[in-house]
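Following: one structure in structure tokens, then a few remarks.
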2 protein chains.
Amino acid sequence: MRISELSRRSGVPAATIKYYRREGLLPEGRALNPTAVEYGEEHIQRLRLIRSLIQLGGLSVARTREVLDAVDRPLDAFETLGVVHHALPVPSADKNAKGIKDDDGPDGAVDEAVSGEGAAASVDALIETMGWRISDASPHRPALAESLAALSRLGSAYTADDLIPYARLATSTADLDFAQLDGIEDRIALAERAVVLTALFEPVVRLLRRLAQEDANHRRHHRRACVRGEHPAE
Amino acid sequence: MRISELSRRSGVPAATIKYYRREGLLPEGRALNPTAVEYGEEHIQRLRLIRSLIQLGGLSVARTREVLDAVDRPLDAFETLGVVHHALPVPSADKNAKGIKDDDGPDGAVDEAVSGEGAAASVDALIETMGWRISDASPHRPALAESLAALSRLGSAYTADDLIPYARLATSTADLDFAQLDGIEDRIALAERAVVLTALFEPVVRLLRRLAQEDANHRRHHRRACVRGEHPAE
């Protein structure tokens, strides 16, 4: 197909396709003559992945190239997913939150156990207790430690044990996530799907938690009213 | 205490305290004389909540005033939490993601069931099946519908049934969240805690899911190797 059809079928403007080619993200097509290039199905698939990484995943062109290089190497699905998973933006609290410190304690003293080092140790202990296999290079280790340190600066210190019930539910959620990848054998399709799931399905999981929280507030209210001998309106 | 001590103990700069007073977020202190004002413990508590809403929650001054007005009304803990919960920023996919449309299908046709209306119906069906009590005014209803519509435009349509296993895990997570609020009876402290939990603990939950996904990738890899009769290195 020509670039116009490639653009139409991939939903990516021709100018953007040319830009991706110049940046080395998209392989060249087959030159028919000095002014016409023929593209194939592999270009459509590749464009879908590029678009997912850049538009959905929010990756830079340089980071996208790294992921594509990994996808092009003869890696298995396991390694491909690992590369994509570590390349995606890491969840974190709003930047504003990081500057907040709880100075309302005795002379602003911060418990040793809740400092940055303490938080990193909690993360290691949690991973150990859960028996999780997590690469030392995982960006999610320091990010979790940072979130825990921010919480403890605000007076909410969590130990590894406090987080175990949440970690167990996270394991169950991750199993559901991987069930969604079952049956996808092609590595490029797998990488694209992983990006879509992380970028678009993560908000779904967060919103389900918010809805469940609203319901939990109702249930708690009802329970307390019953304990007090009241019968709240249904 | 004078404003200098209020500033030291709350961790909020004096200029910011004065700004909050001008904006009507913080009640006036007791005037000792024309140039000196005395503040009390209630001002520290109020400042903590304001700081949480604005810095952690990312709320505007106007929205913060609405939440404070609600907290000042003689609402019970249930209603206070409800107001805070709906005022906080709603999770959503990156704005870039919303513009993406999957045109690779047959002439870009979008299945009727996956359109915006279909997605809203899926959300209603999910809430109904789960027996969740969710206000019609909840901002999380349309946000979830929007996320589902975005996913289906990219070729990943989810029915209410597909989401039930995730919704069940969300219920368990919400129960853990509410256990963290147990024992807090003061409404202002409760509101502050709810903001901290949403703003800072939500990234923790997301990061635990990412870590669990990495482990799930390992387990899936191991299982597949075993099925093939291979014995991957531990």
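The values are calculated or read from the model by the stated rules, or taken from the named source; none is laboratory data. What you are looking at is a predicted structure, and each value in this text was computed from that prediction instead of being measured. Note: ideal-geometry Cβ built from the backbone for every residue, glycine included; neighbour counts use all protein chains shown. SASA here: full protein model, heavy atoms, side chains in, ligands and nucleic acids out. Shrake-Rupley method; radii C 1.70, N 1.55, O 1.52, S 1.80 Å.
Quick one: would you say B:Pro165 is farther than 30 Å from A:Ala150 by Cβ and either in a helix (DSSP H, G or I) or β-branched (Val, Ile, Thr) (or both)?
Working: farther than 30 Å from A:Ala150 by Cβ: yes; either in a helix (DSSP H, G or I) or β-branched (Val, Ile, Thr) (or both): yes.
Criteria met by B:Pro165.
Any idea which of A:Ile184, A:Ile188 is in contact with a Leu (Cβ under 8 Å, 6 or more places away or on another chain), outside the structural domain of A:Ala119 (by TED's automatic domain parsing) and part of a helix (DSSP H, G or I)? Show your work before the answer.
Values: A:Ile184 fails: part of a helix (DSSP H, G or I).
Selected residue: A:Ile188, the only one of A:Ile184, A:Ile188 that is in contact with a Leu (Cβ under 8 Å, 6 or more places away or on another chain), outside the structural domain of A:Ala119 (by TED's automatic domain parsing) and part of a helix (DSSP H, G or I).
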B:Ile164 passes all but one of the listed conditions (1) buried (at least 21 other Cβ atoms within 10 Å of the Cβ); (2) more than 7 Å from every other protein chain (Cβ to nearest Cβ); (3) modelled with pLDDT of 85 or more; the exception is number (1)
Of the residues in the stretch A:59-76, those that are touching an Asp or Glu at 6+ places or on another chain (Cβ under 8 Å) and crowded, with 16+ Cβ neighbours inside 10 Å number 2
Checked the stretch B:139-155 for anything free of Cβ contacts under 8 Å to residues at least 24 places away in the same chain and either touching a Lys or Arg at 6+ places or on another chain (Cβ under 8 Å) or more than 30 Å from A:Val12 (Cβ to Cβ) (or both); matches are B:Arg141
Could you please let me know if A:Asp103 is at pLDDT below 95 and outside any helix (DSSP H, G or I)? yes
Among residues of the stretch B:30-44 being surrounded by fewer than 19 Cβ atoms within 10 Å (Cβ to Cβ) and part of a loop (DSSP other than H, G, I, E, B), the residue nearest to the chain's Cα centre (by Cα) is B:Gly40
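Here is a check on your reading of the model: is A:Asp175 modelled with pLDDT of 90 or more, part of a helix (DSSP H, G or I), at the interface with chain B (Cβ under 8 Å from one of its Cβ atoms) and surrounded by fewer than 21 Cβ atoms within 10 Å (Cβ to Cβ)? Full working, then the answer.
On the way: modelled with pLDDT of 90 or more: yes; part of a helix (DSSP H, G or I): yes; at the interface with chain B (Cβ under 8 Å from one of its Cβ atoms): yes; surrounded by fewer than 21 Cβ atoms within 10 Å (Cβ to Cβ): yes.
Yes: the conditions hold for A:Asp175.
Does B:Ala157 satisfy being assigned to a helix (DSSP H, G or I), more than 8 Å from chain A (Cβ to nearest Cβ) and surrounded by 15 or more Cβ atoms within 10 Å (Cβ to Cβ)? Lay out the reasoning, then the answer.
Working: assigned to a helix (DSSP H, G or I): no; more than 8 Å from chain A (Cβ to nearest Cβ): yes; surrounded by 15 or more Cβ atoms within 10 Å (Cβ to Cβ): yes.
Answer is no for this residue.
Within the bounds of the stretch A:151-159, is there any residue that is more than 30 Å from A:Val71 (Cα to Cα), small (Gly, Ala, Ser), at pLDDT 85 or above and not assigned by TED's automatic domain parsing to the domain that holds A:Glu42? Let's see the steps before the verdict.
The initial filter retains those residues of the stretch A:151-159 that are more than 30 Å from A:Val71 (Cα to Cα), namely A:151-159.
This time we only want the ones that are small (Gly, Ala, Ser), so: A:152, A:155-157.
Next, from what is left, pick out any that are at pLDDT 85 or above: A:152, A:157.
Filter once more, so that each one left must be not assigned by TED's automatic domain parsing to the domain that holds A:Glu42: A:152, A:157.
The answer is yes, given that some residue of the stretch A:151-159 is more than 30 Å from A:Val71 (Cα to Cα), small (Gly, Ala, Ser), at pLDDT 85 or above and not assigned by TED's automatic domain parsing to the domain that holds A:Glu42.
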Checked the stretch A:46-86 for anything within 16 Å of the chain's Cα centre (by Cα), of a type in the set (Gly, Ala, Ser) and within 12 Å of chain B (Cβ to nearest Cβ); matches are A:Ser52, A:Gly57, A:Gly58, A:Gly82
If I filter the stretch A:134-149 for residues that are of a type in the set (D, E, K, R) and over 15 Å from the mean Cα position of the chain (by Cα), do I get at least one hit?
yes
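Kindly provide the set of residues from the stretch A:129-144 that are part of a helix (DSSP H, G or I) and open to solvent by less than 10 Å² (accessible area, probe 1.4 Å), ordered by number.
A:His140, A:Leu144
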Among B:Leu47, B:Leu25, the single one that is part of a loop (DSSP other than H, G, I, E, B) and crowded, with 16+ Cβ neighbours inside 10 Å is B:Leu25
Of the residues in the stretch A:185-227 that are over 23 Å from B:Asp177 (Cα atoms) and either without any contact (Cβ under 8 Å) to a residue 12 or more places away in the chain or charged (D, E, K, R) (or both), the one that is surrounded by the most Cβ atoms within 10 Å (Cβ to Cβ) is A:Glu192
With criteria (1) open to solvent by 10 Å² or more (accessible area, probe 1.4 Å); (2) more than 8 Å from every other protein chain (Cβ to nearest Cβ); (3) more than 30 Å from A:Ala157 (Cβ to Cβ), B:Leu126 comes up short on (1)
